[in-house]
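Worksheet: one structure, shown below.
What follows is calculated from the coordinates using simple rules that are stated; it is not laboratory data. Bear in mind the structure is a predicted one, so any value in this text is a computation, not a measurement. Don't worry about glycine lacking a Cβ; one is built from the backbone with ideal geometry, like all the others, and counts go over all protein chains shown.
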Amino acid sequence: MRDFSYFRADNIEAARNAAALPGAMLLAGGTTLIDLAKCGVAEPSTVIDISHIEGLDAIDVTADRAVIGALARMSHVADNPHVKSLFPAVSAALW
């Protein structure tokens, strides 16, 4: 794994600006990006941590769509009663 810079974004605008940097990649709370970097599959020059941005864990469901935030936990999406009733395949796929 090569060295990279770390940037903690505290709002969406800061994350968007940092993401425009060449080689920048987002870290949204999981460890997948770091695991991929350890294996040499991903080689970010900058890792942008968005795990502290308020509201990115939102799950907004209407009759014809579901908007799932980048920080929404899969278990919360799967257990959401509106997702279960309106998008049962999504709920089932997450278990």
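Quick look at the numbers
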{"item": "Where labels lie 7 Å past Cα in the beta-carbon direction, separation of L86 and A20 in nm", "result": "3.4"}
{"item": "Gap separating the Cα centres of segment 8-35 and segment 58-83, nearest whole Å", "result": "22"}
{"item": "Sequence-distant residues sharing a close amide H with T46 (under 5 Å, placed H)", "result": "S5, A24, M25"}
{"item": "Alpha-carbon spread of the chain, three principal axes, descending order, Å", "result": "45, 29, 18"}
{"item": "Antiparallel DSSP beta bridges within the chain, as percent of all bridges there, nearest 5", "result": "35"}
{"item": "Amide H contacts of F87 (H built 1.01 Å from N, under 5 Å, at least 5 apart or other chain)", "result": "none"}
{"item": "Calculated from backbone phi, Karplus (6.51, -1.76, 1.60) coupling profile of segment 48-57 in Hz, x at Gly/Pro", "result": "9, 7, 9, 5, 9, 7, 5, x, 6, 9"}
{"item": "13 Å beta-carbon shell around M1, net charge (K/R +1, D/E -1)", "result": "-1"}
{"item": "Length added when fully stretched, A93-D3, from 0.36 nm per residue minus Cα-Cα", "result": "28.9 nm"}
